[in-house]
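Notes for the one structure printed next.
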Amino acid sequence: MPQHDNRYQVRKAAVDSILQDRSESPENCATAFAPVNIALCKYWGKRDPILNLPVTSSLSVSLPPLGSTTEIRIGADRDDVTLNDEPITPQSAFASRVVDFLDLFRTARDLRFSVRTTNTVPTAAGLASSASGFAALTLALDRLFGWDLPPKQLSILARLGSGSASRSVARGFVEWHAGSATHGADSFAEALACTWPDLRVGVIDVDFGRKSQSSREAMQRTVDTSALYHSWAQKVADDLAEIRSALHAHDFERLGAAAESNALGMHATMLGARPPILYWLPGTVKAIHRVHQMREDGINVYLTIDAGPNVKILFTKNDMSAVQAAFPGLTVIAPFDPECPTLPTDSD
Ligand code: 2P0
């Protein structure tokens, strides 16, 4: 255990402040599921990279049944991590990140964990799985040790794995409050009390194969070097207010317009970094034009783009046929009706 490492000490103190009153009754094994989420108002920039504390608040919608199922087991000789039935080499960045997180929860120096994660995100869906992965691992640890933590504390623990994981412990629309405390006790996500049964999210396959530049590094470079970053916090405050208001009013056009503007603003801010960060490919621009043309043709479809080239679209159930005709093979998720995802088939 890296007990003399300052980063570890700071993170461990955050964990201990949550677990101090918890008695433990460990099981040998526990399993949990957490959904992926897509931000309608993005998290882009940290005020503290050790605790993954964000500069701004953000707001997402969870996308079950896409997500991660994680099993954690104690009693092994050494930590081991398996992803989609493939053992992950301990030297890999992915395994190191998982072990770094597990270090925070060892109740004995020699306690070792076996972690098996299966992503129910089709590899081809182009949706980041670190959020669902760390959220599922946190929920599995909660069950393994019998902590029975409330959602707020679970969100804080998941944030230590990955910022966006703080939002994946909850369902529906979820707001991550940036908070202002240096220890991060007020930086957590919680579900909003509203639903949208007709909402649909589509994922356009621009390039699912490409390994994107790490969002962690890109985020930091944007904060450190983009002259446009100073206006990002104000834009997020405005967009969040508009999105909350649109959700309250159940106004899809306002919701979609604000989400699209927020995503494009995030990418503009990245373009201002030195050197610039450009995740878009020609297919990304083509999809953006296609979405804009559809709007001109009277179909209410809006877009958002994360740290990669793929375009995600927001629309409602009544425009399903028009959207699927425009984007054949689209993966469609009904966030509030997880029984009916439409996943592309091999023939698409
Ligand atoms: C988001 N993204 O709000 C934004 C929009 C990507 C684009 O959160 O360093 O993997 O683990 O806290 O959460 C991706 O960043 O970064 C992300 P870390 P994370 O969804």
Exercise for review: Tell me which of these Phe101 doesn't satisfy, since it passes every other one: (1) more than 14 Å from the ligand (Cβ to nearest atom); (2) crowded, with 17+ Cβ neighbours inside 10 Å; (3) under 22 Å from the mean Cα position of the chain (by Cα); (4) not aliphatic (A, V, I, L, M).
Suggested key: (1)
Review point. What number of residues within segment 309-322 are crowded, with 22+ Cβ neighbours inside 10 Å and either over 22 Å from Asn262 (Cβ atoms) or not aromatic (Phe, Trp, Tyr) (or both)?
Key: 6
Point to revise | Filtered residue count, segment 312-331, keeping only those that are within 21 Å of the chain's Cα centre (by Cα) and at pLDDT below 95 | key: 2
Exercise for review: Among the residues of segment 24-50, count how many are among the charged types (D, E, K, R) and away from the ligand (no atom under 11 Å from the Cβ).
Suggested key: 3
Study note, to complete from the structure: Just one listed residue, out of Arg116, Arg109, is among the charged types (D, E, K, R) and in contact (Cβ under 8 Å) with a residue 60 or more places away in the chain, and it is Arg109
Review point. Which residues, taken from segment 51-60, are within 11 Å of the ligand (Cβ to nearest atom) and β-branched (Val, Ile, Thr)?
Key: Thr56
Study note, to complete from the structure: Given (1) under 17 Å from the mean Cα position of the chain (by Cα); (2) free of Cβ contacts under 8 Å to residues at least 40 places away in the same chain, Ala32 misses just (2)
Revision key, fill the gap. Condition set over 23 Å from the mean Cα position of the chain (by Cα) and touching a residue at least 24 places away in the same chain (Cβ under 8 Å), scope segment 11-22, selection farthest from Ser57 (Cα to Cα): answer is Arg22
Review point. Failed condition for Asn52, given (1) out of contact with any Gly (no Cβ under 6 Å at 6 or more places or on another chain); (2) surrounded by 18 or more Cβ atoms within 10 Å (Cβ to Cβ); (3) in contact (Cβ under 8 Å) with a residue 40 or more places away in the chain, with all others met?
Key: (1)
Check your understanding: Looking at (1) at pLDDT 95 or above; (2) crowded, with 18+ Cβ neighbours inside 10 Å, which is the only condition Val10 fails?
Key -> (2)
Review point. Within the set of pairs 6 or more residues apart or between chains, which connect a residue that is closer than 14 Å to Gly163 by Cβ and near the ligand (Cβ under 9 Å from one of its atoms) inside segment 215-226 to a residue that is of a type outside the set (Asp, Glu) and part of a helix (DSSP H, G or I) with Cβ atoms less than 9 Å apart?
Key: Ser215/Ser130; Ala218/Met270; Met219/Met270
Exercise for review: Mind counting the residues in segment 262-317 that are within 23 Å of Leu247 (Cα to Cα), part of a loop (DSSP other than H, G, I, E, B) and within 16 Å of the ligand (Cβ to nearest atom)?
Suggested key: 1
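Kindly indicate whether any position in segment 26-34 is farther than 17 Å from Val169 by Cα, assigned to a helix (DSSP H, G or I) and hydrophobic (A, V, I, L, M, F, W, C). Give the steps one after another, and end with the answer.
Taking segment 26-34 and keeping what is farther than 17 Å from Val169 by Cα, we get 26-29.
From the residues that got through so far, the ones that are assigned to a helix (DSSP H, G or I) too are none.
Looking through segment 26-34, none of the residues is farther than 17 Å from Val169 by Cα, assigned to a helix (DSSP H, G or I) and hydrophobic (A, V, I, L, M, F, W, C).
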Revision key, fill the gap. Of those in segment 202-246 that are of a type in the set (D, E, K, R) and in a loop (DSSP other than H, G, I, E, B), the residue nearest to Phe94 (Cα to Cα) is Lys211
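Looking only at segment 269-328, count every residue that is aromatic (Phe, Trp, Tyr) and in contact (Cβ under 8 Å) with a residue 60 or more places away in the chain and tell me the total. Steps first, answer last, please.
Keep residues of segment 269-328 that are aromatic (Phe, Trp, Tyr), which gives 279-280, 302, 315, 327.
Checking the rest, the ones that are also in contact (Cβ under 8 Å) with a residue 60 or more places away in the chain come to 279, 315, 327.
Matching residues across segment 269-328 total 3.
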Practice item. Identify, by number, the condition in (1) farther than 25 Å from Asp186 by Cβ; (2) in contact (Cβ under 8 Å) with a residue 24 or more places away in the chain; (3) within 15 Å of the ligand (Cβ to nearest atom) that Ala93 doesn't meet. Key: (2)
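The values are calculated or read from the model by the stated rules, or taken from the named source; none is laboratory data. These figures come from a predicted structure and were not determined experimentally. So basically every Cβ, Gly included, is an ideal-geometry build from the backbone, and we count neighbours across all protein chains shown.
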